[in-house]
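The values are calculated or read from the model by the stated rules, or taken from the named source; none is laboratory data. Keep in mind that this is a model prediction, so the values were computed, not measured. All Cβ positions, glycine included, derive from the backbone under ideal geometry; neighbour counts span all protein chains shown. The accessibility values were calculated without ligands, DNA or RNA, using every heavy atom of the protein model including side chains. Shrake-Rupley method; radii C 1.70, N 1.55, O 1.52, S 1.80 Å.
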Amino acid sequence: MNRISAIAFIENRDAGDPQALLAQAVGRLRGEGLRVVGVLAEDNDAEGACSAGFLRDIASGQRFSIQLDAAPAGTTCHMDASGIESACDLLLPQLAAADLVVLSKFGKLEAMGQGLWRAFAAAAATRTPLLTTVSSRHADAWRAWAAEAACIEATIPAVERWWTAMRPSAPGGGDF
């Protein structure tokens, strides 16, 4: 019998708002009594190259700034890796009691083993179901790490179908 991957991702295309979709999915799944932990990106109020200015911890609501006021010399990226690392530090102890981990994205830092990488690795190591987004720019690094991950549509019904098929109580579900 085919197994459904406990790691799922949504392709982060230019159209749509994957963070709003993740937030909606988190709300629905938490409403069903699931212990969902992780971080979601929130828009930055200021103009800049990056739209996300904050990561919000799902369990506590704590916000972490992830955008520098000015890009370091020689780069145009305003990403503040220390803010992402701080969010990851708060998240890691929550994984032990989680039914599902939702991480805003697998991006440039994660492809280099930084940012939220420790949370990705810990969820996989403990076989905790994981949902994230991945941009096409980092698809090769993602596939190298999570070759068996399920690519799901950017819709709430697709997320719910994945969760229903994947959860350990479902016939054939719950394998990485």
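To keep it simple, each residue is scored yes or no on (1) crowded, with 23+ Cβ neighbours inside 10 Å; (2) basic (Lys, Arg); (3) under 20 Å from residue 25 (Cα atoms).
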{"residue": "107", "(1), (2), (3)": "yes, no, no"}
{"residue": "111", "(1), (2), (3)": "no, no, no"}
{"residue": "121", "(1), (2), (3)": "no, no, no"}
{"residue": "149", "(1), (2), (3)": "no, no, yes"}
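The set of residues from the range 48-58 being modelled with pLDDT under 95 and either in a helix (DSSP H, G or I) or open to solvent by less than 60 Å² (accessible area, probe 1.4 Å) (or both) comprises 48, 50, 52, 53, 54, 55. Looking only at residues in the range 1-13 that are open to solvent by 90 Å² or more (accessible area, probe 1.4 Å) and not aliphatic (A, V, I, L, M), the one that is modelled with the lowest pLDDT is 2. Within the range 14-21, can one find any residue that is at pLDDT below 90, surrounded by fewer than 19 Cβ atoms within 10 Å (Cβ to Cβ) and not small (Gly, Ala, Ser)? For the range 14-21, residues at pLDDT below 90, surrounded by fewer than 19 Cβ atoms within 10 Å (Cβ to Cβ) and not small (Gly, Ala, Ser): present.
Take the conditions (1) farther than 20 Å from residue 66 by Cα; (2) of a type in the set (Ser, Thr, Tyr); (3) crowded, with 16+ Cβ neighbours inside 10 Å; residue 135 misses just one of them, which is (1). Note on the range 104-141: residues that are without any contact (Cβ under 8 Å) to a residue 40 or more places away in the chain, in a loop (DSSP other than H, G, I, E, B) and more than 13 Å from the chain's Cα centre (by Cα) amount to 4. Among the residues of the range 68-103, those that are small (Gly, Ala, Ser) and either part of a helix (DSSP H, G or I) or at pLDDT 95 or above (or both) comprise 81, 82, 83, 86, 87, 96, 97, 98.
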